[in-house]
Amino acid sequence: MTALGILYPGHFAEDDYPRIEQLLGGDIRVDLVHTDPGEDGTPQQLTAGVDELRLAGTETVVWASVTGSSGYGWDGAHDQVRSLARLAGTPASSTSLAFVNALREIEAGRVSVGVTCPPEEATLFTDFLRAGGVTVTGLRSAGPVSAAEAAGWGEEQVLALARAADEPDAQAVVLPDTALHTAAFVPLLEKAVGKPVLTASQVTVWEALRLTDRRVNAPELGALFTRQPIVQV
């Protein structure tokens with residue numbers, strides 16, 4: 001059994017994680033611990049959750065916040081996960097770093113981004129991607145939308161955001177909002193735009209697996225988990 005630890009701020013799209021656990025098969029466990037809803041990512045916010053995951057015996061810890069990781073900049077986000085790894089006694093990462101690593105995995109150097117967050121948060125994230133060597137070809141905002149509102153979005157709204165964000169020269173579409181439910185929609189999103197779509201819950205779990213040196217074939221979670229060609233519909 002591989003046990004993955006996720007630190008998730010608040011209560012929004014956390015039910016994506018048990019869904020992903022089911023799709024990955026019976027020998028992978030995804031343990032999710034909630035932190036305070038503020039997404040600042042300070043050591044004080046993360047410490048209590050890390051203690052709970054350590055007691056659960058997780059092998060990795062990923063901080064599932066984009067705002068609370070990319071907001072520290074490229075170097076600051078790496079300092080944050082180094083501190084998190086020391087606290088947890090396991091390899092650690094964050095959702096922001098997961099996006100960069102996942103884009104490298106699928107060899108997508110040019111991306112378009114769809115967000116629901118305020119403009120300043122979107123800019124911090126796109127600057128973070130650029131610091132990681134990613135070219136951002138376009139940014140489309142459907143907001144600002146509160147996390148609670150985003151958590152209430154269904155398939156059609158998420159699909160509309162992906163389509164609006166897509167750019168012809170982008171090799172992938174990135175939807176970084178950790179409050180969006182996306183785990184059930186990834187193949188649909190990819191067929192709609194004809195290219196890989198990376199979402200927050202998807203890359204967070206993929207990153208946790210990567211830290212354990214595991215690769216899992218799960219077509220229901222999109223190209224990141226299969227590397228199969230996408231047929232646009």
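The values are calculated or read from the model by the stated rules, or taken from the named source; none is laboratory data. Everything quoted here is computed from the prediction, not taken from an experiment. So basically every Cβ, Gly included, is an ideal-geometry build from the backbone, and we count neighbours across all protein chains shown.
Exactly one residue out of 204, 126 is crowded, with 18+ Cβ neighbours inside 10 Å, under 20 Å from residue 22 (Cβ atoms) and of a type in the set (S, T, N, Q), and it is 204.
Out of 102, 98, 13, one residue alone is touching an Asp or Glu at 6+ places or on another chain (Cβ under 6 Å), small (Gly, Ala, Ser), closer than 16 Å to residue 176 by Cα and modelled with pLDDT of 95 or more. It is 98.
Of the set (1) surrounded by 17 or more Cβ atoms within 10 Å (Cβ to Cβ); (2) among the charged types (D, E, K, R); (3) more than 30 Å from residue 164 (Cβ to Cβ), all apply to residue 27 but (1).
Any chance the stretch 102-117 includes a residue that's more than 28 Å from residue 169 (Cα to Cα) and either in contact with a His (Cβ under 8 Å, 6 or more places away or on another chain) or not hydroxyl-bearing (Ser, Thr, Tyr) (or both)? Looking through the stretch 102-117, none of the residues is more than 28 Å from residue 169 (Cα to Cα) and either in contact with a His (Cβ under 8 Å, 6 or more places away or on another chain) or not hydroxyl-bearing (Ser, Thr, Tyr) (or both).
So which residues in the stretch 68-83 are surrounded by 23 or more Cβ atoms within 10 Å (Cβ to Cβ) and more than 17 Å from the chain's Cα centre (by Cα), if there are any at all? None; the set is empty.
This table checks each residue for (1) crowded, with 24+ Cβ neighbours inside 10 Å; (2) under 22 Å from residue 127 (Cβ atoms).
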| position | (1), (2) |
| --- | --- |
| 140 | no, yes |
| 144 | no, yes |
| 150 | yes, yes |
| 155 | no, no |
| 160 | no, no |
| 163 | no, no |
| 172 | yes, yes |
| 177 | yes, yes |
| 211 | no, no |
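Would you check if residue 214 is within 23 Å of residue 18 (Cα to Cα), modelled with pLDDT under 95 and not hydrophobic (A, V, I, L, M, F, W, C)? Here the answer is yes, as residue 214 does meet what is asked. Among residues of the stretch 84-107 being among the polar types (S, T, N, Q) and either surrounded by fewer than 24 Cβ atoms within 10 Å (Cβ to Cβ) or over 14 Å from the mean Cα position of the chain (by Cα) (or both), the one that is nearest to residue 196 (Cα to Cα) is 101. Quick check: anything in the stretch 108-116 hydroxyl-bearing (Ser, Thr, Tyr), part of a helix (DSSP H, G or I) and surrounded by 23 or more Cβ atoms within 10 Å (Cβ to Cβ)? Checked against the condition, which is being hydroxyl-bearing (Ser, Thr, Tyr), part of a helix (DSSP H, G or I) and surrounded by 23 or more Cβ atoms within 10 Å (Cβ to Cβ), the stretch 108-116 yields no hits at all.
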